[in-house]
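Written below as structure tokens is the structure these notes are about.
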Amino acid sequence: MSEQSWQENDSFELEALTALMTELPDPEEPKTFRGFQGRRKKAAVVFAAIWGSTIALHLMAWSYWLVLGVTTLMSLHAARLILARPCSLPKPLEDDDAFPRVSLMVAAKNEEAVVGRLVEMLCGLNYPNDRYEVWIINDDSSDQTAEILDQLATQYPQLNVFHRPANAGGGKSGALNQVLPLTQGEFIVVFDADAQVEPDFLRRVLPVFDRGDVGAIQVRKAIIQAEPEFHSKDANNFWIRGQMAEMALDAFIHQQRSTIGGLGELRGNGQLVRREALIDCGGWNEETITDDLDLTFRLHLNQWDIEVVTEPAVYEEGVTSAIALWHQRNRWAEGGYQRYLDYWRLILQNRMGTRKTLDLVMFWTLQYVMPTAAIPDFLMAVLRHRMMLTSPISAMMMLLFLFSAIGGLRRVRRLKSAKHQSLLDWATLMVQGLRGAIYMLHWFAIVSTATLRMSIRPKRLKWVKTVHRGADD
């Protein structure tokens, strides 16, 4: 048990990140990297290029054939992705196995509603107490989080509490970097403050690291209000049901991508990282608003793989209103886009390898190019009385979302229960999958506005947290 405040000079040195990125020639700024400079200018150039290319294609007679050719290639990749069969989860660790040392880390800011339950859960895992440690980082909370943690530190021997001062920088990444040198685990597990996992979580997931060059593992995120056993009053909320399908879809897609040699991605909550891989990448990047998405790219750029597993899951609170969803997803969209602007040189150098680079290009096109091109495409289609050029790719993307949502929901059900699925079960899956695919359309509005906003506004590094309410009353 320990409790202390860290100083600014304790920051984790991002030496590997320095090696990965190209330094600016200015000797007065040894830790400023060319990749992280001029994000607004790069975003504006890309935005203008997408708009200009879309308008130009409408003026060319062969444009539809080009789009159909691209759609065909992307459809082949999508079909291969959907049909891939991931490896089954390895056998869990048994009592006579060698248990690796693990460090659990949580950066908490104003989490009085959930931090008590979190500590009780993490300190009660079915894992040898002398083989894991828990680090809760109080990031200058203004509520009762600090007092609650101080009290809990007297009850749980493996709990380490750190109080971060008001002037500490770097947001969540800075908090994690600051405590990293003091951890002892061979594997680092990062949770959000609202996380809930089963007691055997570590025993079931850690054996996945035995596969090849696995640098990190992301478990499926699940919306706790949508789980029947939690009896939440928000269980039938439209946004909660949509997020339930979205998380199943997301886990399915990235597990499939990893299976075919593409990019598995980290999602922050419920991510496990090999210490060696984390040090190789230079820790968490403090120049981003989405530490998990940025770390995803740097792991792959350093030739580490990321595995995604469906079970066990990490449960978290979903947002219950359109406004909260809009703010949260805008941060995700902006952070996801930032990494392409930061690392584009290294991506074009094929540092990830051909299969990963091609997979990355496809999903960059679906996630960012398509929503950004939708507006000029629509305007030109109206002016020229033609169908939208992007219609074939949009149709393919909706089918990918639909099959992924159904596949993800079916995979979750199959792993949770060995019962044979009836015709009614399949009908329910179809309805939930269709609802999830329609729900995913909100990303078009979010990404199109985010790419525009990043083109005209300075970069944002503020850690914007989602309010956690804890258990229902």
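The values are calculated or read from the model by the stated rules, or taken from the named source; none is laboratory data. Computed from a predicted structure; not experimentally measured. Quick reminder, even Gly has a Cβ in these numbers, built from the backbone with ideal geometry, and neighbours come from all protein chains shown.
Is it the case that some residue within region 226-234 is crowded, with 21+ Cβ neighbours inside 10 Å and either touching a residue at least 12 places away in the same chain (Cβ under 8 Å) or touching a Phe, Trp or Tyr at 6+ places or on another chain (Cβ under 9 Å) (or both)? Yes, region 226-234 has at least one match.
Residue-level analysis places TYR315 among those that are in a strand (DSSP E or B), out of contact with any Gly (no Cβ under 6 Å at 6 or more places or on another chain) and of a type in the set (Phe, Trp, Tyr). A single member of SER103, SER88, SER63 is modelled with pLDDT of 95 or more and hydroxyl-bearing (Ser, Thr, Tyr), and it is SER103. Residues of region 275-311 that are more than 17 Å from the chain's Cα centre (by Cα) and within 19 Å of PRO207 (Cβ to Cβ): ARG275, GLU276, ALA277.
When the residues of region 206-224 are filtered to those that are over 21 Å from LEU409 (Cβ atoms) and among the hydrophobic types (A, V, I, L, M, F, W, C), the one that is surrounded by the most Cβ atoms within 10 Å (Cβ to Cβ) is ALA216.
Looking at region 181-203 only, could you name the residues that are under 21 Å from the mean Cα position of the chain (by Cα) and either over 22 Å from GLN303 (Cα atoms) or surrounded by fewer than 20 Cβ atoms within 10 Å (Cβ to Cβ) (or both)? Let's see the steps before the verdict.
So the first thing to find is which residues in region 181-203 are under 21 Å from the mean Cα position of the chain (by Cα), and the list is 187-198, 201-202.
Matches in region 181-203: PHE191, ASP192, ALA193, ASP194, ALA195, GLN196, VAL197, GLU198, PHE201, LEU202.
Restricting to region 41-69, give me the number of residues that are surrounded by 15 or more Cβ atoms within 10 Å (Cβ to Cβ) and either basic (Lys, Arg) or touching a Gly at 6+ places or on another chain (Cβ under 8 Å) (or both). Number satisfying all stated conditions: 1. Criterion first (surrounded by fewer than 21 Cβ atoms within 10 Å (Cβ to Cβ), touching a Gly at 6+ places or on another chain (Cβ under 9 Å) and either among the acidic types (Asp, Glu) or not in a helix (DSSP H, G or I) (or both)) does ALA168 satisfy it? The answer is yes for ALA168.
I need every pair where a residue in region 118-135 that is closer than 15 Å to GLU186 by Cα and without any contact (Cβ under 8 Å) to a residue 40 or more places away in the chain has its Cβ under 7 Å from the Cβ of a residue that is in a loop (DSSP other than H, G, I, E, B) and aliphatic (A, V, I, L, M), sequence separation at least 6 or different chains. Cβ pairs passing all conditions: none. Of everything listed in (1) outside any helix (DSSP H, G or I); (2) surrounded by fewer than 16 Cβ atoms within 10 Å (Cβ to Cβ); (3) of a type outside the set (A, V, I, L, M, F, W, C), the single unmet condition for ASP130 is (1).
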